[in-house]
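What follows is a set of notes on a single structure, which appears directly below.
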Amino acid sequence: MRESSEAINLDEVTDRLHAFVASQTALVLAVQAPEGGPPAVGTLPFVDNDGCFCVLASDLAPHTRAMRQAGEVSLALMADQQDTRNPFARERAQWTATVEVVERDTEAFGRITAQLRERHGKTVDLLCGLGDFHLLCLRPGSGRYVNGFGRAFGVAGLVPDEHLRKA
């Protein structure tokens with residue numbers, strides 16, 4: 001349900017969402033294994049590469065195998081609990097995302113891993129040298145961004161497109 005444009009400025013919400021994404025260093029993900037069973041849950045450091053969350057993930061982790069097989073994942077970003085005055089109004093964003101594998105022999109692999117190294121340090125070099133690690137880009141689709149009571153927004157990628165409220 002849409003609220004009038006006078007009450008909610010979606011450009012301001014977009015700026016706030018982008019600032020929130022930039023302030024986060026790790027995402028939480030859940031993926032249903034293609035063979036069934038409970039969802040695999042994980043957390044990974046990421047870098048935002050043109051609106052795509054890029055991660056290095058090991059095949060030793062159940063969530064990595066499931067992501068590569070399913071090609072889809074649910075992901076979330078959440079404000080730090082210590083920075084949240086009221087846990088019910090905790091700033092957070094969630095999306096369904098498609099999983100894209102970035103091959104090691106591509107220009108994109110070098111560029112994105114350099115971004116990861118700049119943001120997360122030299123450990124990235126070690127992980128890139130291990131054969132079980134893959135560079136995955138999680139491209140967000142539809143989702144939801146919440147930044148307070150009565151401030152829930154439908155999002156398409158990193159763009160809020162609708163203020164959600166009870167009729």
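Remark: the Cα gyration tensor places segment 18-116 in the oblate category, a/c being 1.5 or greater and a/b not exceeding b/c. When you filter the trypsin sites (Lys or Arg not before Pro) in segment 6-103 for DSSP loop state and at most 12 other Cβ atoms inside 10 Å of their Cβ, you are left with ARG85. For segment 39-79 versus segment 89-143, the inter-centroid distance based on Cα atoms is 8 Å.
Looking at segment 1-98, the GluC sites (Glu not before Pro) that sit in a DSSP loop and have at most 10 other Cβ atoms within 10 Å of their own Cβ are GLU6, GLU35. Computed over the Cα atoms of the chain, the ratio of the radius of gyration to the Kirkwood radius (Rg/Rh) comes to 1.00.
The P(r) of segment 100-167 has a tail past 19 Å containing 52 percent of all C-alpha pairs. Scaled to the globular estimate 2.2 N^0.38 Å, the Cα spread of segment 40-96, given as radius of gyration, is 1.31.
Computed from Cα atoms, the angle from the helix 107-120 axis to the main principal axis of the chain rounds to 70 degrees.
Loop-only check: which chymotrypsin sites (Phe, Trp or Tyr not before Pro) in segment 101-167 are DSSP coil with at most 10 other Cβ within 10 angstrom?
PHE149
The long axis of helix 10-23 is offset from the longest Cα principal axis of the chain by roughly 40 degrees.
Bear in mind that the values in this text are calculations on the coordinates, not laboratory data. Just so we're clear, the structure is a prediction, and the values are computed from it rather than from any experiment. Note that we place each Cβ from the backbone using ideal geometry, even for glycine, and neighbour counts take in every protein chain shown.
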